Amino acid sequence: MLGNVLPGAPLKLHSAAHTAVDRTQDSSLRHGSTKPLTIMAQAKIQAKMNEAPHGKFSRTLSMADRSGRLLESLDQLEIRVEALREAASAMEQERECILEMIQSIQNSQEIRNICPGEREELNLTANRLMGRTLSVEISVGTIRNSQQEEALRKATSIIDEIVKKLLDDMDGSRNQLMALHAACVTEAPPVPINQKFQVIVISCALEDQKNIKRRLETLLRNIENAEKNIKIMDHQKLEEPKANGSQ
């Protein structure tokens, strides 16, 4: 019978064998043999679990980088803000210095020794410069807590009380202001220190401490200039009778 098999018969037998194998695998899958699929699913889950920490770590690094760049920008801005405040404070001090110099010229003995016409012209110029200087408004605010606010109020009140008595008792007021100024310096002063005022100043904000010290220095300079002018005027009065007697 094999001799009668046509040439295409082996191909049919081979195809039938493969069909039998395929039917066997399909039958096994239908009867619950899913082990290969389970292994593949577990492998995918494990891969996802391995990828999750890596992805989170990458996002954390990215956020850290962004946060670092923003922090660096804020640090640079803080430097510029402090430079701005220092520049404004320097301009404020320059304004006070200019006003003080104008007043010193107006009250100087030299301007009294010139003729009335020139004196009037100089006073007009000084008043014009005074007005232009006063038109420049510079304000550097200070952030304070309640304790610092109260300390500044007390320090200002003490200075104001001395200034009120300045014209009546210039020598006594000067000594009191020197004792207050001694409380604001770090080096050992040559005059007694007002201990009560020192405690108050220490409780003030740092910028307020600088302003208090600067105000006291300005007042002491003004007193010194006023005393010089008084001595010059008094000296001239003493010389006038001599000049009249010689005539």
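The values are calculated or read from the model by the stated rules, or taken from the named source; none is laboratory data. If you're wondering where the values come from, they're calculated on a predicted model, not measured in any experiment. As a convention, Cβ positions derive from the backbone with ideal geometry for all residues, glycine included, and neighbour counts pool all protein chains shown. For the accessible areas, the whole protein counts, side chains as well, though only heavy atoms, and no ligand, DNA or RNA atoms are used. Shrake-Rupley method; radii C 1.70, N 1.55, O 1.52, S 1.80 Å.
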Problem - Check: the range 132-214 dipole with +1 on Lys, Arg Cβ and -1 on Asp, Glu Cβ, in debye - result: 100 debye
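Sort 96-104, 147-155 by packing, meaning the average of other beta carbons within 10 Å per residue, with the highest value first.
On the way: 96-104: 14.3, 147-155: 16.9.
Peptide ranking by packing, descending: 147-155, 96-104.
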Completion exercise
Given pairs LYS154/LYS228; LYS154/LYS213; LYS154/LYS210 and cut-off 22 Å on Cα-Cα distance, the over-length ones are LYS154/LYS228
Practice task
For the range 83-113 and the range 166-229, write down the distance between their C-alpha centroids in whole Å.
Solution key: 19 Å
Exercise for the section: Could you tell me what percent of the accessible area of the range 167-209 is made up of carbon and sulfur, with a 1.4 Å probe and every protein chain present? Expected result: 57 percent
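Probe of 1.4 angstrom, ligands and nucleic acids ignored: what's the accessible area per residue over the range 75-206, in square angstrom?
Details: 9230 Å² over 132 residues.
Roughly 70 Å² per residue, with all protein chains present.
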Problem - HN-Hα J in Hz across the range 62-74 - Karplus 6.51, -1.76, 1.60, θ = phi - 60°, x for Gly and Pro - result: 5, 5, 5, 5, 5, 4, x, 5, 5, 5, 5, 5, 5
Handout entry: Debye-sum result for the range 106-230 in log10 I(q)/I(0), which assumes one identical scatterer on each alpha carbon, at q = 0.13 Å⁻¹
Key = -0.70
